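**Student:** So that we are looking at the same thing, I have put the structure below in structure tokens.
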Amino acid sequence: MRIIYHVTAKSEWEKAKRSGIYDRSTLGKSFDEVGFIHASTKDQFQDVAKFVYGDMDIELVVLELDIEILESSGIKVIFEDGGNGQMFPHIYSKIPTDLIIAVHAVEFEDSILRMK
């Protein structure tokens, strides 16, 4: 398993469950606007979550994805420079919700995103 993560608002996840497709690239931007869905590795997702959501008071979830499952379903995952020299996984498709292997409820505690 090669696991990557995507942090999102719980409301966006709830919307995706109803439609069967997750299509948010990042906060306030859709896949159609950006052309890919931002993701991160285990070592990156804390910093990404703080940067994007750290000052917000909204319920968050972390979507857990397996690169091999995505790729076997025809979805490209490419590691690309995020502009800071780090290579981030970018998912080049909207994601059918049944390909998401786990959804974790989380909250910030002392600037660290923790599982509830």
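No lab work stands behind these numbers, since they all come straight from the coordinates. These numbers were taken from a predicted model, which means no experiment stands behind them. Cβ: placed from backbone, ideal geometry, glycine included. Neighbour counts: every protein chain shown.
**Student:** Return the whole-Å distance between the Cα centroid of the stretch 1-48 and the Cα centroid of the stretch 57-97.
**Tutor:** Between the Cα centres of the stretch 1-48 and the stretch 57-97 lies a distance of 7 Å.
**Student:** If you don't mind, another one. In what order do Val77, Val7 fall by count of nearby beta-carbon atoms within 10 Å, going from fewest to most?
**Tutor:** Val77, Val7
**Student:** List the GluC sites (Glu not before Pro) in the stretch 53-116 that DSSP assigns to loop (not H, G, I, E or B) and whose Cβ has at most 15 other Cβ atoms within 10 Å. Which are they?
**Tutor:** Sparse-neighbourhood loop GluC sites (Glu not before Pro): Glu59.
**Student:** Could you calculate the FRET efficiency of Asp98 with Gln46 from 1/(1 + (r/R0)^6), where r is the beta carbon distance between them and R0 is 35 Å, rounded to 0.05?
**Tutor:** That gives a FRET efficiency of 0.80.
**Student:** So between Ile112 and Asp57, what do we pick up on full extension, going 0.36 nm a residue minus the alpha carbon distance?
**Tutor:** That pair, Ile112 and Asp57, stretches by 18.4 nm at full extension.
**Student:** Could you tell me whether the stretch 69-116 comes out rounded, prolate or oblate from its Cα gyration tensor? Rule is a ≥ b ≥ c as square roots of the eigenvalues, rounded for a/c under 1.5, then prolate if a/b exceeds b/c, otherwise oblate.
**Tutor:** Oblate, since a/c reaches 1.5 and b/c is not below a/b.
**Student:** Report the number of Lys pairs in the chain whose alpha-carbons are under 22 Å apart, with separation of 8 or more residues or on distinct chains.
**Tutor:** Summing the qualifying lysine pairs gives 21.
**Student:** Once both labels are modelled 7 Å past Cα along the beta-carbon direction, what's the Glu80-Glu68 spacing in nm?
**Tutor:** If labels sit at Glu80 and Glu68, their model points lie 2.6 nm apart.
**Student:** Ranking Met56, Met1 by Cβ neighbours within 10 Å, fewest first, what do you get?
**Tutor:** Met1, Met56
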